[in-house]
């Protein structure tokens with residue numbers, strides 16, 4: 001594999017990863033694409049949905065297909081921060097304090113049921129997710145460059161759970177919900193289970209950690225036009241001016257929109273971002289970053305609905321990437337030469 005990939009090459013590899021994961025996770029292509037967008041953009045993903053919908057299976061499948069070292073932490077009320085990050089211990093042979101790395105020192109970390117542990121332990125992941133390092137006893141320990149967190153959250157149980165603080169939610173690049181399978185997809189899932197005569201699905205590795213880093217690097221070559229940037233800023237500012245929202249999205253929300261839109265462009269085989277890319281990722285990228293006014297909870301208005309209404313109300317720019325602008329200018333010049341010298345544009 002080469003060190004550098006074009007967006008087209010990265011697209012082919014990303015689609016191969018999705019196809020492999022779909023062998024295990026049936027009928028959830030849209031959710032799988034969103035998770036992969038988060039991984040490609042170098043961010044962390046919160047998978048929030050009801051029990052039994054395949055959240056853990058999705059995380060394991062991505063780890064296998066992406067060729068990443070996988071570690072799972074089952075978050076519980078008695079879990080300590082040192083159980084996540086690691087802690088120093090006394091080495092009797094050398095008589096020194098030696099740092100023993102915790103499960104966070106991996107490539108793909110599944111933080112299972114992250115809302116079952118107190119905020120003190122949840123916060124142990126903050127530095128790792130934001131800066132890719134862990135500080136213990138005044139020393140910083142770097143994590144793997146491919147490090148990514150896929151966290152699962154059960155939104156319907158309140159007893160024995162702890163809501164994620166806003167600062168923790170803001171560290172997740174996007175939030176994904178899976179939902180129930182359609183009857184046809186659920187039947188297909190059951191038939192696959194009967195046909196393979198085994199509980200687990202055996203998946204193949206499509207890429208490795210170096211390949212994932214190369215795919216991430218290809219995103220940095222994707223062009224974002226100035227009017228698309230203005231569109232992102234308009235969406236983020238709309239969350240701060242809306243009367244239904246108590247606290248709007250932070251600047252990190254705008255960065256998340258841009259990176260996810262670039263990743264979506266790569267997944268489409270393009271090296272430029274369209275406004276439709278921003279629209280497609282706006283709700284997953286922004287809904288968990290806002291706080292609604294208390295009266296909206298009584299009316300059962302969700303943050304997803306509010307963000308969707310803001311996207312619908314914000315004017316969409318009519319943008320063309322530089323390559324198309326140049327082609328259009330060349331066509332206009334040819335048309336100005338007259339019908340005998342070039343084609344006329346309509």
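Each value in this text was obtained by applying a stated rule to the coordinates, not by laboratory testing. All figures in this text were calculated on a predicted structure; none of them were measured in a lab. Quick reminder, even Gly has a Cβ in these numbers, built from the backbone with ideal geometry, and neighbours come from all protein chains shown.
What's the FRET efficiency of residue 30 with residue 80 using the Cβ-Cβ distance as r and R₀ = 25 Å, to the nearest 0.05?
For R0 = 25 Å, the calculated efficiency reads 0.10.
Quick one: length gained pulling residue 72 to residue 90 fully straight, 0.36 nm per residue minus the C-alpha distance?
Length gained between residue 72 and residue 90: 3.9 nm.
Only Cα pairs within less than 10 Å get springs; with that Gaussian network setup on the chain, which residue of 116, 240, 197 has the largest fluctuation?
Comparing 116, 240, 197 in a Gaussian network model of the chain, the most mobile one is 197.
For the pair residue 301 and residue 252, what calculated FRET efficiency results from E = 1/(1 + (r/R0)^6), where r is the Cβ-Cβ distance and R0 = 22 Å, to the nearest 0.05? Walk me through the numbers on the way to the answer.
On the way: r = 24 Å, r/R0 = 1.09.
The calculated FRET efficiency here is 0.40.
Before anything else, pin down the relative contact order of the chain: Cα pairs under 8 Å, at least 6 apart, normalised by residue count, whole percent.
Relative contact order here is 21 percent.
What is the angle, in °, between the Cα long axis of helix 55-65 and the longest principal axis of the Cα atoms in the chain? Nearest 10 is fine, range 0 to 90.
70
With both partners inside the chain, how many of the DSSP beta bridges are antiparallel, as a percent to the nearest 5?
Antiparallel bridges: around 40 percent, rounded to the nearest 5.
What's the angle, to the nearest 10 degrees (0 to 90), between helix 303-313's Cα axis and the longest principal axis of the chain?
Tilt of helix 303-313: around 10 degrees.
Any chance you could give the angle, 0 to 90 degrees and rounded to 10, that helix 275-286 forms with the longest Cα principal axis of the chain?
For helix 275-286, the angle is close to 20 degrees.
Express in nm, to one decimal, how much length is gained between residue 192 and residue 268 on full extension, taking 0.36 nm for each residue of separation and deducting their alpha carbon distance.
Working it through step by step, the gained length comes to 24.5 nm.
Give, in nm to one decimal, the length gained when the segment between residue 19 and residue 123 is fully stretched (0.36 nm per residue of separation minus the Cα-Cα distance).
Computed gain between residue 19 and residue 123 is 34.0 nm.
Extending each Cα 7 Å along its Cβ direction at residue 205 and residue 237, get the distance between those two points in nm, one decimal.
Computed distance between label sites residue 205 and residue 237 equals 4.8 nm.
Where the centre of each part is set by its Cα atoms, how far does the stretch 145-182 sit from the stretch 200-268, in angstrom?
18
Given that just one value was derived from the coordinates, which of (i) 1.03; (ii) 2.08; (iii) 1.17 is Rg/Rh (Cα atoms, Kirkwood Rh)?
Calculated Rg/Rh (Cα atoms, Kirkwood Rh): the matching label is (i).
Put a dot 7 Å past each Cα toward the Cβ at residue 137 and residue 227; how far apart are the dots in nm?
Label at residue 227, label at residue 137, 5.9 nm between them.
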